[in-house]
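Read through the structure below, which is laid out as C-alpha cells, and then see the notes.
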Amino acid sequence: MDKSKMIGNSIKQILQEIDSVLVLTNEKEVDIFIQQILKADKIVTAGAGRVGMAIRGFSMRLAHLGLNSHHLGDATVPSVGGEDLFIVASGSGETQTIYDLVCIAKKNNTPIALITGNPESRMGKEASVIVQIQAPSKTKSVGVLHSIQPMTTLNEQCLGIFFDAVVLSLMEKMNETHDTMWARHSNLE
C-alpha cells in the first residue's frame with residue numbers, strides 16, 4: 001500500500017473518531033462552564049500528562065482573551081478563593097495528583113470545573129461544574145467506541161478541539177477578535 005494513502009486513511013479515521021466523541025458534548029454543560037469562566041476573577045487550570053498540555057493551551061487562550069488565567073506549575077499562579085475558578089481536565093477523574101489539587105481548591109472554597117469522561121469519579125463528586133467528553137480513558141471505556149489510536153490519545157485530541165471551540169464561544173460573548181487577542185500575545189518571540 002502507498003504510504004501516503006496509509007497516512008491519509010489514518011487521518012480520516014482519527015477525524016471520524018474525534019467527531020464521534022465531540023458530537024455527544026452536552027451544550028447545557030458547556031454553557032454553564034462558559035458562564036463560570038466569564039464570572040471568575042481568576043482562573044487556574046491543571047491536568048496531568050498530555051491532558052495537561054491540552055489545558056495549558058486553553059489557559060493561554062483565556063489569557064489572550066484578557067482573562068486572568070494561569071496554569072498550575074507556572075511561577076505566577078496566584079492564590080484562589082470563592083470568586084475564582086479552578087478548571088481541571090482528567091479523562092478518568094481519578095488521577096491522584098490532580099484529585100489532591102481539587103481537594104486543596106475545595107478547602108479554599110474555589111469552584112471547580114471538571115472536564116472528564118467520568119462524571120461519577122472522585123473529582124466529579126467535588127466539582128461544581130462538569131463537562132463530559134465521552135472518550136475512553138485509562139479507567140473507563142465508552143460504549144462500543146474502540147479507538148485505533150494508542151492509550152488515551154483520542155481523549156487528548158478531543159480536549160484540544162473542545163477547548164478551541166469554547167474559545168470561539170467566548171470570543172463571541174466577549175466581543176473579542178483575532179486582532180484584540182493578538183494584542184495580548186507575547187511579543188518576546
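The values are calculated or read from the model by the stated rules, or taken from the named source; none is laboratory data. Predicted model, so just to flag it, every value in this text is computed and none were measured. Please note: Cβ atoms are built from the backbone with ideal geometry, for glycine as well, and neighbour counts cover all protein chains shown.
If you go through the range 1-57 and keep only what is under 21 Å from LEU145 (Cα atoms) and of a type in the set (Ser, Thr, Tyr), you end up with SER10, SER20, THR25. The residue pairs whose first member lies in the range 87-102 and is farther than 25 Å from LYS39 by Cα, whose second member is among the basic types (Lys, Arg) and at pLDDT 95 or above, and whose beta carbons are closer than 8 Å, counting only pairs six or more residues apart or on different chains, are GLU94/ARG122.
I'd like to know if the range 103-115 contains one or more residues that are closer than 29 Å to GLY8 by Cβ and modelled with pLDDT of 95 or more. No, the conditions are met nowhere in the range 103-115. Go through the range 61-73 and count every residue that is surrounded by fewer than 16 Cβ atoms within 10 Å (Cβ to Cβ) and either within 13 Å of LEU159 (Cα to Cα) or at pLDDT 95 or above (or both). Count: 2.
Answer with yes or no whether SER79 is part of a loop (DSSP other than H, G, I, E, B) and of a type in the set (Ser, Thr, Tyr). Yes; evaluated as a whole, the condition is true for this residue.
Taking every residue in the range 57-75 that is closer than 13 Å to ILE87 by Cβ and among the aromatic types (Phe, Trp, Tyr) and pairing it with any residue that is buried (at least 20 other Cβ atoms within 10 Å of the Cβ) and at pLDDT 95 or above, at least 6 positions away or on another chain, the pairs with Cβ-Cβ distances below 6 Å are PHE58/PHE163.
The C-beta contact set for the range 164-185 (first residue under 19 Å from VAL30 (Cα atoms), second residue surrounded by 14 or more Cβ atoms within 10 Å (Cβ to Cβ) and basic (Lys, Arg), distance under 7 angstrom, 6+ apart or interchain) comprises VAL167/ARG61. Being within 17 Å of MET123 (Cβ to Cβ) and at pLDDT below 95: is that true of GLY91 here? Against the criterion (within 17 Å of MET123 (Cβ to Cβ) and at pLDDT below 95), GLY91 qualifies. The set of residues in the range 96-123 being in contact with a strand residue (DSSP E or B) (Cβ under 6 Å, 6 or more places away or on another chain), under 22 Å from ILE161 (Cβ atoms) and either not hydrophobic (A, V, I, L, M, F, W, C) or not in a strand (DSSP E or B) (or both) consists of ILE98, PRO119, MET123. Within the span defined as the range 10-23, every residue fails to be in contact with a Lys or Arg (Cβ under 8 Å, 6 or more places away or on another chain) and in contact (Cβ under 8 Å) with a residue 24 or more places away in the chain.
Restricted to the range 1-32, and to residues that are closer than 13 Å to PHE162 by Cα and aliphatic (A, V, I, L, M), which residue is modelled with the highest pLDDT? Looking at the filtered set, the residue picked out is VAL30. For the range 154-175, the condition of being modelled with pLDDT under 95, not in a helix (DSSP H, G or I) and not acidic (Asp, Glu) holds for none of the residues.
Contact map, the range 112-137: residues that are free of Cβ contacts under 8 Å to residues at least 40 places away in the same chain and at negative phi paired with residues that are assigned to a helix (DSSP H, G or I) and of a type in the set (Gly, Ala, Ser), Cβ distance under 9 Å, separation 6+ or inter-chain. Pairs shown: ILE112/ALA105; LEU114/GLY124; THR116/GLY124; ASN118/GLY124; GLU126/ALA105.
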